[in-house]
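The values are calculated or read from the model by the stated rules, or taken from the named source; none is laboratory data. Quantities reported herein were computed from a predicted structural model and do not represent experimental measurements. Cβ sites come from the backbone with ideal geometry, for glycine too, and all protein chains shown count toward neighbours. Heads up: the accessible areas ignore ligands, DNA and RNA and are worked out on the full protein's heavy atoms, side chains in. Shrake-Rupley method; radii C 1.70, N 1.55, O 1.52, S 1.80 Å.
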Amino acid sequence: MDNVWAVVLAGGEGARVAAPTRGDAKEAVPKQYCSFGRSEPMVRWAVRRAQSLVPVSRIVVVVTEEHREYWEPELTDLPPENIIVQPRNRGTAAGILLPVLEMFFRSRRTAELVLLPADHYVAAEGVLRESLLQAIQAARADDRPVVLLGMSSEEPDTDLGWILPLPGPERVRVAAFVEKPDAETAAELLRLGALANSFMLAAQASRLLELYATTLPNLLNGFVPVVLDGSDPKALNALFDQIPRLDFSKDVLERCPGGLAVLSVPPCGWIDLGSPSRVERYARHCEPRPGRLPLAVPKGSAGVFA
């Protein structure tokens with residue numbers, strides 16, 4: 001595990017759940033900095049999730065400059081160089097490529113990465129941790145797959161990505177990856193045994209860069225010299241002024257299913273709090289306990305609350 005880095009993705013705008021997360025000043029608080037009735041904001045939930053895998057020295061958090069007032073007081077326990085600041089949000093493709101390149105060069109090209117979004121609730125953290133460890137091991141196979149963590153679901157949510165596995169063992173190849181399909185397609189994928197994409201994955205940094213070279217070579221070529229030169233804020237700002245807004249799931253994963261594998265996570269009470277409807281379901285299923293996150297799966301849950 002000496003080469004494993006946990007990357008917490010906290011650079012999103014959280015606009016879709018701004019209404020239920022307004023503070024006393026009536027300003028929209030980005031969802032990753034909201035506590036949803038608990039003692040810490042969601043970004044800290046993700047940092048603690050990362051700490052169950054790696055030491056603090058190998059936890060990286062991707063944030064956005066405009067959210068500085070929120071993340072600066074929450075991340076004081078991390079090394080300053082491990083807080084990677086985007087000048088602005090340009091979508092998940094750029095938000096993931098920046099830390100992947102940083103860790104690739106910092107580790108002399110040996111980094112193994114676990115990506116952890118900062119807007120997830122997990123009731124049974126121990127169950128998820130075991131799956132993340134399995135994914136790290138699976139990503140070390142000779143063919144170096146990008147190992148996605150898939151969640152069972154009973155509903156064809158059109159707001160999620162869907163992973164259709166090929167028949168095989170526990171860690172299986174991906175036949176198709178479909179990001180946010182229409183209702184009919186989502187229902188058919190679910191019928192065929194597709195898993196909901198949790199947006200958590202394990203991969204070698206070099207393998208992720210190969211996917212970018214295949215799918216978004218212009219984006220990769222724009223980032224490499226800036227990161228190699230030390231990610232000077234002025235240069236980074238100029239780069240983010242120029243690049244288009246691109247989505248990692250749609251523009252990278254969906255275009256190269258042959259390089260992907262999926263690991264099905266046992267029921268762990270996972271909820272992606274990325275939409276108002278799932279926030280409402282979280283509120284109904286999970287009564288907050290002051291001071292800590294619950295460790296057991298809420299009664300009657302099975303996999304995704306979505």
Considering every residue within segment 83-97, establish whether at least one is out of contact with any helix residue (DSSP H, G or I) (no Cβ under 8 Å at 6 or more places or on another chain) and either acidic (Asp, Glu) or open to solvent by 10 Å² or more (accessible area, probe 1.4 Å) (or both). no
Just to verify a result, which residue in segment 128-174, among those that are open to solvent by 50 Å² or more (accessible area, probe 1.4 Å) and not in a loop (DSSP other than H, G, I, E, B), is modelled with the lowest pLDDT? ARG171
What helices (runs of 4 or more DSSP H), lying completely within segment 207-306, carry at least 1 residues that are at pLDDT 95 or above? 217-228, 233-242, 248-251
Under 7 Å between Cβ atoms, which residue pairs at least 6 apart in sequence (or on different chains) link something in segment 81-97 that is under 18 Å from ALA238 (Cα atoms) with a partner that is of a type in the set (Lys, Arg) and open to solvent by 10 Å² or more (accessible area, probe 1.4 Å)? ARG90/ARG245; GLY91/ARG245
With the structure loaded, tell me whether VAL43 is open to solvent by 20 Å² or more (accessible area, probe 1.4 Å), modelled with pLDDT of 85 or more, within 21 Å of PRO73 (Cβ to Cβ) and hydrophobic (A, V, I, L, M, F, W, C) or whether it fails that test. no
Here are the criteria: (1) among the hydrophobic types (A, V, I, L, M, F, W, C); (2) without any contact (Cβ under 8 Å) to a residue 60 or more places away in the chain; (3) in contact with a Leu (Cβ under 8 Å, 6 or more places away or on another chain). Tell me which single one LEU208 does not satisfy. (2)
Yes or no: ALA186 buried (at least 17 other Cβ atoms within 10 Å of the Cβ), over 25 Å from ALA6 (Cα atoms) and at pLDDT 95 or above? yes
If you go through segment 58-76, how many residues are open to solvent by less than 70 Å² (accessible area, probe 1.4 Å) and more than 16 Å from the chain's Cα centre (by Cα)? 6
